[in-house]
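The values are calculated or read from the model by the stated rules, or taken from the named source; none is laboratory data. Since the structure is predicted, the reported quantities are computational estimates derived from the model, not experimental observations. Backbone-built Cβ (ideal geometry, glycine too); neighbour counts: all protein chains shown. SASA here: full protein model, heavy atoms, side chains in, ligands and nucleic acids out. Shrake-Rupley method; radii C 1.70, N 1.55, O 1.52, S 1.80 Å.
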Amino acid sequence: MRQKIIVDVDTGIDDSLALLYLLASPEAEIVGIASTAGNVSAEQVAANNLAWLDVCRAPAIEVALGAAEPVAIPLRTTEDTHGPHGVGYADLPKSARPLSDRSAVQLWIDSARAHPGELVGLCTGPLTNLALALRLEPGLPRLLRRLVIMGGAFNHPGNTTPTNEWNVHVDPEAAKEVFDAFGAAPRRPIVCALDITETIEMFPEHLAALAERAGSLPPELVSATDPAGTRSAAANPIIRHFSDAVRFYFEFHQHYDQGYLAHMHDPFAAAVALDPALAVLRPATVDVELTGTLTRATTVADWSGMWGREPNADIVIGTDPALFFDRLITRVGDFARALYPAEEVR
Ligand code: RIB
Ligand code: CA
């Protein structure tokens, strides 16, 4: 039985790998991709989504354009983290695929109504479009089978300010509206926050293993000593484009003294969306600070009912990163090999 999933992304380097993971997973049936402004503009996110579908020779999957701005504040993007076009150094060929006639907001609403109780929602960017959809369809939490969110930081430092995480930082009002609304959901949203996603550390060795699994030559040997911006020579286009994308992320993390590595926030959330057993969950009541001078956009978890409010989230408090990478490398590597057999792309 395939799992119907709507994917809301701000593609993004790690969003790209989340898309690859889902496209490589036979059990995933992507009913649509919502393009949310965040890492880069909504238009650029949509263009990246369409371009990745081309690279993956994917069937006609609907890609919808999201709102240009967050629900209450001007958009802030982060090209310094994800590159000028949001996919690092990758130069993805522009796609001729058409954008959906529907907005990302309408895609959320129509998809949830079309598949009541069946659809898993995965959000790996700001929650702008989901919040706007909730305003028009307050029944969304009961229509979805489950929601999985990459976002927030709880007992863990932020990555954008000392206490907040990027996706929530971009649109904190939307995040609050989503957490408030999903308190009524039959299943609490699964929240993959920095506490866990910063343990999902991709190293060059993972990239080399992915290329090897794909049968791509020459071996994909990316090193911290390479000149910045070195481009991949991988024969397999999926490996080549993803390596060019993630090298930018390696350099970004190294620049901020986190090591020559890349936190794979979004593909981890995608893997959990398909298999929640990957995660150890703990219920909590989550709210978002909107008025703090120093703490605006901080996600706060009440683990023990101090607020007297029902839990509205299942926060991931544990996982096995090695198991995740094994699954990622196997799935995406086999997918890349099947699409571009070595003898075809020499
Ligand atoms: O804070 C990490 C999150 O922000 C990831 O989803 C990354 O892609 C950016 O959107
Ligand atoms: Ca993202």
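Can you give me the % of accessible surface on the chain that is carbon or sulfur? Probe 1.4 Å, all protein chains present, nothing else counted. With neighbouring chains kept in place, the figure for the chain is 55 percent. Largest GNM mean-square fluctuation across 15, 266, 226, computed for the chain with C-alpha springs under 10 Å, falls on 226. Dipole magnitude for region 1-148: about 480 debye, using +1 per Lys or Arg Cβ and -1 per Asp or Glu Cβ, origin at the Cα centre. The trypsin sites (Lys or Arg not before Pro) found in region 228-291 that occupy coil by DSSP, while having at most 16 further C-beta atoms within 10 Å, are 231.
Could you tell me which of rounded, prolate or oblate describes region 1-125, using a ≥ b ≥ c as the square roots of the eigenvalues of the alpha-carbon gyration tensor, with rounded for a/c under 1.5 and, failing that, prolate when a/b is larger than b/c and oblate otherwise? Verdict is oblate for region 1-125. The accessible area of residue 307, taken with all protein chains in place and a 1.4 Å probe, comes to roughly 110 Å². When both bridge partners sit in the chain, DSSP labels roughly 30% of those beta bridges antiparallel. What shape does the chain take by its C-alpha gyration tensor, where a ≥ b ≥ c are the square roots of the eigenvalues and a/c under 1.5 counts as rounded, a/b above b/c as prolate, and the rest as oblate? Note, shape of the chain comes out prolate. Rounded to the nearest 20 debye, the dipole magnitude of the chain is 740 debye, with +1 charges on Lys and Arg beta carbons, -1 on Asp and Glu beta carbons, and the Cα centre as origin.
Solvent-accessible area per residue in region 102-220 equals 33 Å², computed with a 1.4 angstrom probe and all protein chains kept.
Close amide H contacts of residue 202 (hydrogens built in the peptide plane, cut-off under 5 Å, sequence separation of 5 or more or a different chain): 262, 263, 264. Comparing 124, 93, 105 along the charge dipole axis of region 77-133, the residue lying farthest to the positive side is 105, per the Cβ-charge model.
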